[in-house]
Amino acid sequence: MDLQARDLMVSEFDTVSPDSPVADAVRLMRKPLKGATTVRRVFGLMVVDDQQQLVGMISMFDVLYHFDTLFHMETPGGGAAGVEDLEEAFYRACEKAGPMNVGDLMTTQVVKVDEQAHITDIIDLMIKNRHRRLPVCRGNTICGVIYISDVFYEIYKNLLA
C-alpha cells in the first residue's frame, strides 16, 4: 500500500488569520466545512498570514485552555466558591476572552507533512504528537489537511478487505 498524504488529504478547508477575533474562529468551527460533501465536525483551524502561509493552528483545546486560565484568575481564592461566585467568574472570563485574537491563543509549533508523506509516517506523527489533524504543505503553503478519522477509516477499509 503506497498511500501518501495527497491521497488522504482534504483539499477544501477553512483558514483563519492571526488577527481574527477568536469568536470568528469559533464560528468557523461550528459551520459545515467549506466544500464538504459529508458532515464533518471541525475541531481546529489552520492559521495563515496575508500571503496564505501557515503560521499556526487553533483548536477547541486552545480556546478552552485559555478560557479556563481566565476563569481561574476570576474565581475567588481561598476556600470553596459559591455558585453565584462561579457564575460571576464565568461571565467575567467570557468578557475578557471576547476581544482576544486568534494569534493570542494559537499554537505556533505546527507539525506538518508534505504531499509525499507515507501513511505510516502520518500515523506515527499523529500518534506520537496526539494530533487530530495535520496540514499538508508545499513549503509553507497549505494544500490540504489530513484528519485522523480519514486515516483511521482508510486503515479500517483495508483491514476489512
| said: Just to confirm a number: summing +1 for Lys and Arg and -1 for Asp and Glu over residues other than Asp7 whose beta-carbon lies under 14 angstrom from that of Asp7, what do you get? | reply: -4
| field | Non-local Lys pairs in the chain, i.e. 8 or more apart or on different chains, that have alpha carbons under 27 Å apart | value | 7
| query | Once the Cα atoms of helix 83-97 and of the chain are each reduced to a long axis, what angle between those two axes, in degrees from 0 to 90 to the nearest 10, is obtained? | reply | 60 degrees
| Along the charge dipole of region 5-160, which of Phe90, Asn158, Val48 sits closest to the positive end, that is, farthest toward it, with unit charges on the beta carbon of Lys, Arg, Asp and Glu (+1, +1, -1, -1)? | Asn158
| field | Calculated P(r) tail over 19 Å for the chain, as whole % of Cα pairs | value | 60 percent
| remark: On the formula 1/(1 + (r/R0)^6), with r taken between the Cβ atoms of Asp24 and Asp50 and R0 of 22 Å, the FRET efficiency rounded to 0.05 is 0.85
| request: Could you please report the charge total around Val48, scoring K, R as +1 and D, E as -1 over all other residues with beta-carbon less than 13 angstrom from its beta-carbon? | output: -3
| field | Estimated 222 nm signal from helices in the chain, with DSSP H stretches of n ≥ 4 weighted -39500 (n - 2.57), rounded to 500 | value | -13000 deg cm²/dmol
| Using θ = phi - 60° and Karplus 6.51 cos²θ - 1.76 cosθ + 1.60, couplings along region 105-112 (whole Hz; Gly, Pro as x) | 10, 5, 8, 9, 8, 9, 8, 9
| Dipole magnitude of the chain about its Cα centre (Cβ charges: Lys, Arg +1; Asp, Glu -1), debye to nearest 20 | 520 debye
| Sequence-distant residues sharing a close amide H with Cys137 (under 5 Å, placed H) | Val113, Asp114, Glu115, Cys143
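Since every read-out is calculated from the coordinates, none of them should be taken as a lab result. This is a predicted model, so every value here is computed, not measured. Positions of Cβ are generated from backbone atoms using ideal geometry, with glycine treated the same way; all protein chains shown enter the neighbour counts.
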